[in-house]
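Data first, discussion second: the structure below is written as structure tokens.
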Amino acid sequence: MRKKATTVERILLESNLRQSIENSLETEDQLSDMERQDYINQINSLQATVKNLLNMIDTLRQTLDSVNASSKRNEELVEKLSAQIEAYQKQIRNLEDRNQRHNKNTFGQKTHKAKKRVDERRGRDQDKEDYDGNHDSSDDQQPETPQGEEGKIDQTKVKSEHLDEKRGPRGPYTKMDAAEVDVLECDITGIPLDMKFIGFKDVEEYDRVSYVRCTCYKVAILEDKYGKRHDYFVPVDEKKAAGRRPNTNIIPGTHGTLEFVADLATDAFQVLTPNYREGIRMKMDKFTCCDNTRMNWLKKGIKPLMPMLDIIKKKLLIPGSFVNIDETWEWVRIKIKGDGTDLGSYYKKYIWVLVNKETGMVYFLYDNDENDSRGSRPINTFLGDFKGAIMSDAFIVYKQLTRDNPELEHCLCWAHVLCKYDMAEEISKEKDAGWFRNQIGYLYMVENENILMERTPEEIKKRRAEKDVTDTLIALHDRAEYLLRTKGSKYSDLMVTALNYMLNGWDELLNYRNDGRYTIDNLEAERTVRPITRARKTSLHHSSEDGLQMALAYMTIIETAKRLGHEIKDFLVRAWREAIYGNNDLEALLLPAIATK
């Protein structure tokens, strides 16, 4: 288009030049040949000059267009590079935050409580990094003496101080007690005649006797006239037998007594002792058996108690109750047909824990029938048409539960919100996060007040609805919206995540005010799931889904018994005796320990 315009200009110039020459020729006198030739030469010269000027104009225009295009490309390149630099800087900040978060979770303190004092102690690794090989920088060098108002503090070491002051009242004295006391009486008939007998005193010695005892019954085998064989046992020494008879105090299908298998169960699922360590302990107790034998005894032991799980589920999901829910992961070996392995591979699967604080029921759920252990199907199937309220984190499955079941109310955990702000403040150094932590801390102060005042659910609901709590919640919401709108692009990912997490779940966060029985956070489930997380560090994995189901069944019974105040080993023995040799009234056992006694 530009080239076409240049050609038109050239045609117009030449036309005007010719027209002026013709006009001048018409008006002036006839020129001689020499003058005509001079005019023609001048015209040609001018035409050449005009042509050169036009070519220069074209060249300048092309150069200008090239410079403009290059400048535009450079501007676009600068803008693109600036955006890349900003993205890389943000990525660096995020990676630094992630690294600091990883270091905190690995080496730092896990608590998110308010820090009232600064810990100036140096770690072993930190001292090692500071050591440069010089004698003056060695670990043995004493730190600088702290300064006080009176000057330097005296560094003289002493055992104790101020013991001469009057001591306060003592607490109750715990007297030692043992399962078996062997009393050795003193014969005073041989005391010297010149001595006066005053009385007796107890001199106690405690020893631990740990071994596994085997009772072997010599059972007679009888055969009747039809050729059918029968067992027959009558003890020769009834006093030594002490009423014991064969197969009346064992788990069916095993050689273990109720007490012995209960001991194995508490070691495995309460003390969380791995099977190989249990084998070491058995050797110390002078008992020899293979690892599979102990596991088979535990599998046999859980079968009579399986009906108790249905009772626990029924008491857990009482209509109108409040249930805390959480989930955690576990490595499980699963064999899939045609996967090319002999025994299968280990997969990361998820376990659900449900807690009803009011009834004291706990249930551990694992359902991977459709390879969806963390999907909505397992927990949705378990809850069924439960009508009540649940407390959880913001995992999408829990929101799906309330959409599928309108009778279900979802409360969101404030502790998760507090944790996210704490991470943003501690790792990303976001100062605004501290304000949110303080405001949420006020909500927790109100909850602590409810506990100390021992308020009823009705009084708790009324306290949560008061103006100071409402104003705190409004301030939290409004400030979060304002900061996201004005400073969202300047914040770190941790801070933006914390703000969005709170705002996206705001309605569910407010639901804890609807009932005084509801808790402000999900710590009931978080604490209950800890045995699984601790076992994950010792046992590492489960070799089959059946083994995992067995472990969760035991944990369900054990954690429920703990909440009801029972001693676990005695509870398991009573449950087995009731299920195997009694009336199978397991529901009567699921009462608080005081009521059971």
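In the stretch 340-348, the count of residues that are surrounded by fewer than 19 Cβ atoms within 10 Å (Cβ to Cβ), over 22 Å from Leu540 (Cβ atoms) and over 20 Å from the mean Cα position of the chain (by Cα) is one or more.
One residue alone among Arg117, Arg101 is loosely packed, with under 10 Cβ neighbours inside 10 Å, under 28 Å from the mean Cα position of the chain (by Cα), of a type outside the set (A, V, I, L, M) and at pLDDT below 80, and that residue is Arg117. The conditions of being within 32 Å of the chain's Cα centre (by Cα) and either hydroxyl-bearing (Ser, Thr, Tyr) or open to solvent by 50 Å² or more (accessible area, probe 1.4 Å) (or both) are not met by Thr288. For the stretch 571-589, enumerate the residues that are open to solvent by 50 Å² or more (accessible area, probe 1.4 Å) and either touching a residue at least 24 places away in the same chain (Cβ under 8 Å) or more than 37 Å from the chain's Cα centre (by Cα) (or both). Once the filter is applied, which keeps residues that are open to solvent by 50 Å² or more (accessible area, probe 1.4 Å) and either touching a residue at least 24 places away in the same chain (Cβ under 8 Å) or more than 37 Å from the chain's Cα centre (by Cα) (or both), the stretch 571-589 yields Arg577, Tyr581, Asn583, Asn584, Asp585, Glu587. Report, by residue number, each residue of the stretch 211-259 that is surrounded by 11 or more Cβ atoms within 10 Å (Cβ to Cβ), part of a helix (DSSP H, G or I) and without any contact (Cβ under 8 Å) to a residue 24 or more places away in the chain. Within the stretch 211-259, just Ala241 meets the criteria. Taken over the stretch 372-394, the criterion of being assigned to a strand (DSSP E or B) and of a type in the set (Val, Ile, Thr) is satisfied by Ile390 alone. Got a number for residues in the stretch 362-412 being polar (S, T, N, Q), open to solvent by 10 Å² or more (accessible area, probe 1.4 Å), under 17 Å from Phe322 (Cβ atoms) and in contact with a strand residue (DSSP E or B) (Cβ under 7 Å, 6 or more places away or on another chain)? Matching residues across the stretch 362-412 total 1. Does at least one position in the stretch 58-75 carry a residue that is at pLDDT 80 or above, closer than 30 Å to Tyr491 by Cβ and open to solvent by 100 Å² or more (accessible area, probe 1.4 Å)? The answer is yes; a qualifying residue exists. Just one residue in the set Val353, Val323 is at pLDDT 95 or above and more than 13 Å from Gly388 (Cα to Cα); that residue is Val353. Evaluation of Arg463 against the conditions (1) in a helix (DSSP H, G or I); (2) farther than 18 Å from Asn504 by Cα; (3) open to solvent by less than 20 Å² (accessible area, probe 1.4 Å) shows that the sole unmet condition is (3).
Residue-by-condition table, conditions (1) closer than 30 Å to Ile379 by Cα; (2) of a type in the set (Phe, Trp, Tyr):
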{"position": "Phe436", "(1), (2)": "no, yes"}
{"position": "Tyr444", "(1), (2)": "yes, yes"}
{"position": "Leu484", "(1), (2)": "no, no"}
{"position": "Leu494", "(1), (2)": "yes, no"}
{"position": "Leu499", "(1), (2)": "yes, no"}
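For the stretch 246-294, a residue qualifies if it is of a type outside the set (Val, Ile, Thr) and touching a Phe, Trp or Tyr at 6+ places or on another chain (Cβ under 6 Å), and the qualifying residues are Pro246, Gly256, Leu258, Ala265, Phe269, Asp285, Lys286. Pairs meeting the criteria (first residue in the stretch 472-486 and more than 16 Å from Asp507 (Cα to Cα) and open to solvent by less than 10 Å² (accessible area, probe 1.4 Å), second residue outside any helix (DSSP H, G or I) and hydroxyl-bearing (Ser, Thr, Tyr), beta carbons under 8 Å, at least 6 apart or on different chains) are Leu483/Tyr491.
Results for (1) part of a loop (DSSP other than H, G, I, E, B); (2) in contact with a helix residue (DSSP H, G or I) (Cβ under 6 Å, 6 or more places away or on another chain), shown as yes or no for each residue.
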residue: Met306; (1), (2): no, no
residue: Gly320; (1), (2): yes, no
residue: Asp326; (1), (2): no, yes
residue: Ile336; (1), (2): yes, no
residue: Leu343; (1), (2): yes, no
residue: Lys348; (1), (2): no, no
residue: Asp367; (1), (2): yes, yes
residue: Glu370; (1), (2): yes, no
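Among the residues that make up the stretch 292-304, is at least one of them hydrophobic (A, V, I, L, M, F, W, C) and closer than 21 Å to Leu591 by Cα? Yes, there is a match, as at least one residue in the stretch 292-304 is hydrophobic (A, V, I, L, M, F, W, C) and closer than 21 Å to Leu591 by Cα.
Exactly one residue out of Ala535, Ala553 is part of a helix (DSSP H, G or I), open to solvent by less than 10 Å² (accessible area, probe 1.4 Å) and in contact (Cβ under 8 Å) with a residue 40 or more places away in the chain: that is Ala553.
Only residues that are open to solvent by 80 Å² or more (accessible area, probe 1.4 Å) and either within 19 Å of the chain's Cα centre (by Cα) or within 21 Å of Ala87 (Cα to Cα) (or both) were counted across the stretch 487-505, and they come to 3. Residues that are of a type in the set (A, V, I, L, M) and in contact with a helix residue (DSSP H, G or I) (Cβ under 8 Å, 6 or more places away or on another chain) were ranked within the stretch 198-252; the one that is nearest to Ala179 (Cα to Cα) is Val212.
The values are calculated or read from the model by the stated rules, or taken from the named source; none is laboratory data. Quick caveat: nothing in here was measured; it's all calculated off a predicted structure. Neighbour counts are summed over all protein chains in view; Cβ atoms, including those assigned to glycine, are modelled from backbone coordinates with ideal geometry. Heavy atoms of the whole protein, side chains included, go into the accessibility calculation; ligands, DNA and RNA do not. Shrake-Rupley method; radii C 1.70, N 1.55, O 1.52, S 1.80 Å.
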